[in-house]
Amino acid sequence: MNGPIARVRALPSWQVTLGVALLALGFLIAAQLQSEGPRVRYTTQEREPLIQTALGLQAQQDQLKERILAARGTIAGLEQSGQGSAALVRELNQGLEEARTAAGLVPLVGPGLVLRLEDSEQAAPPGQAGSDYLVSARDVRSIVEELCLAGAEAVAVNRERVTVTTAILDIGGSVLVNSAYLAPPYDVAAIGPADLYKRLSESTGFVDFVRARAEAFGIRLRFAELPDVVVPAYAGSVTLRHARPVTGETTQ
Amino acid sequence: MRAPRAQIALAAVALVLGLLVVVQLRAQTAGSGLGELSAQELTILVANLNQRNDQLRTEIATLEGEAADLASGQAQGATSVGQLEQDLARVRAWAGLDAATGMGIRVTVDGPIPGTAVEDVINELRNSGAEALAVAGVRVVPGSVVAGPPDSLSVENTALDDPFEISAIGNPEALTGALTRAGGLVAQLGATHPDVSIVVIPVDRLELPATLRTLVSEHGRPRL
């Protein structure tokens, strides 16, 4: 019962547990320190109430979007079960289904691409703008534009559907899409033809983007070609306040 | 494990471990991104969210009103044809499937401007409430992208002349203000592209054509 092996075997199990726990602790501390990358940190106290307000408003926004989707579903159901000349109602409902799909109000699934944009892992050299090393709204718009030019039929950014009224803006080091606050990484999902990635990678605009942003500043770009990319429905306002249909040119 | 000191030590390690796991997990959620914004940026975000939420509430009120009308109308045996026709016309105009008319602005762009800068202008107009847009008479819908190097721009296989026009239906003051405010996009482009001139004028009545693109996805199917 002497010797090193016997002494190791004699270690109480709680000491082994403690050792493993300390090891895990060390890894987590290292991961936490590493995740505090080049993003700037602010520490003034007045921000806390603003952050709470923003979080509350975001939670409200999510609920409101759910209600919009539910209300649209209810209306579609009621319209389909409506009365009136059966043939006319059927025709109008079909037209509505097509119009809603074209408008981006229907979630779609199909073959396509997901492109992931992430901030650079490089730190900005002294004297250079740190913002160059973060994914900007311009970067996200460039990817969306290039995907459309390559034949994408439906696009979403972190589940926000790109529609006729979609604006993509900078806010701090993050972006707003459809006025929803999105934090990186940004997953741009696109449904399109089988050669979507091939066309994308051959486009001058995309090549320039990779050179100017990924190679120069280390903005990380990864992609996956998938058979079942989901592009969610647009859950926003489709109300026209200033525009109206030109009468006499709509289908009757 | 009977020594109380050892138990306390293990409990302390477990506590710190647990705290770090929570902090690390919370760092993965979108909410933590807010921690990096300044007070001014947070104020802008809050204003944006408030405006957006108000729009969404208005939309919900409209939709729930429609649903109530439909439900009560059907209970009385009325037809839904009128409601269907209205909905159809509105969605088609919004989506760009039909021509749209209304007040707005006309933006005349002259000079060697790259496609990405034109897209920046369109993005800014969308942000300011443009409900329908056209570039050189081509209705802008998802998929329409103004692309190309300066002096060689095109949108949907239509080459753009120099100068060309961007038309936007919406509140003329809001649209004009968004572009021409101090430090706004026109000012920024004036600095980066001094040979480009951008003139914005309000218009009482614009008529934008329907899109010629097919908007229904060929490869995507509705996700039930």
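The values are calculated or read from the model by the stated rules, or taken from the named source; none is laboratory data. Because the structure is predicted, anything quoted here is derived from the model rather than measured. Note: ideal-geometry Cβ built from the backbone for every residue, glycine included; neighbour counts use all protein chains shown.
The table that follows gives values for the structure above.
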{"item": "Residue B:91 being surrounded by 22 or more Cβ atoms within 10 Å (Cβ to Cβ) and either under 16 Å from the mean Cα position of the chain (by Cα) or facing chain A (nearest Cβ under 7 Å) (or both)", "result": "yes"}
{"item": "Residues of the range A:191-208 that turn out to be facing chain B (nearest Cβ under 8 Å) and surrounded by 18 or more Cβ atoms within 10 Å (Cβ to Cβ), as a count", "result": "3"}
{"item": "From A:177, A:188, residue being buried (at least 18 other Cβ atoms within 10 Å of the Cβ), in contact with a helix residue (DSSP H, G or I) (Cβ under 6 Å, 6 or more places away or on another chain) and more than 8 Å from every other protein chain (Cβ to nearest Cβ)", "result": "A:188"}
{"item": "Qualifying residues in the range A:29-46 (those that are at the interface with another protein chain (Cβ under 9 Å from one of its Cβ atoms) and over 21 Å from residue A:184 (Cα atoms)) - the one modelled with the lowest pLDDT", "result": "A:44"}
{"item": "Out of A:180, A:189, sole residue that is at pLDDT 95 or above, of a type in the set (Gly, Ala, Ser) and touching a Lys or Arg at 6+ places or on another chain (Cβ under 9 Å)", "result": "A:189"}
{"item": "Of all residues making up the range B:193-224, the number that are in contact (Cβ under 8 Å) with a residue 40 or more places away in the chain and more than 7 Å from chain A (Cβ to nearest Cβ)", "result": "19"}
{"item": "Residue within the range A:124-133 that is polar (S, T, N, Q), under 30 Å from residue B:135 (Cβ atoms), touching a residue at least 12 places away in the same chain (Cβ under 8 Å) and more than 9 Å from every other protein chain (Cβ to nearest Cβ) present", "result": "yes"}
{"item": "Unique match (being more than 22 Å from residue B:101 (Cα to Cα) and within 11 Å of another protein chain (Cβ to nearest Cβ)) among B:144, B:154", "result": "B:154"}
{"item": "Search result, residues across the range B:144-163 that are buried (at least 21 other Cβ atoms within 10 Å of the Cβ) and either small (Gly, Ala, Ser) or in contact (Cβ under 8 Å) with a residue 40 or more places away in the chain (or both)", "result": "B:144, B:147, B:153"}
{"item": "Single residue of the range B:37-67 satisfying the filter (among the acidic types (Asp, Glu) and surrounded by fewer than 17 Cβ atoms within 10 Å (Cβ to Cβ)) that is nearest to residue A:56 (Cα to Cα)", "result": "B:54"}
{"item": "The one condition in (1) more than 10 Å from chain A (Cβ to nearest Cβ); (2) of a type in the set (Val, Ile, Thr); (3) surrounded by 24 or more Cβ atoms within 10 Å (Cβ to Cβ) that residue B:176 fails to fulfil", "result": "(3)"}
{"item": "Set A:208, A:187: member being among the acidic types (Asp, Glu) and free of Cβ contacts under 8 Å to residues at least 12 places away in the same chain", "result": "A:208"}
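Matching residues to (1) buried (at least 23 other Cβ atoms within 10 Å of the Cβ); (2) in a helix (DSSP H, G or I); (3) more than 7 Å from chain B (Cβ to nearest Cβ):
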{"site": "A:138", "(1), (2), (3)": "no, yes, yes"}
{"site": "A:144", "(1), (2), (3)": "yes, yes, yes"}
{"site": "A:148", "(1), (2), (3)": "no, yes, no"}
{"site": "A:152", "(1), (2), (3)": "yes, no, yes"}
{"site": "A:156", "(1), (2), (3)": "yes, no, yes"}
{"site": "A:166", "(1), (2), (3)": "yes, no, no"}
{"site": "A:170", "(1), (2), (3)": "no, no, yes"}
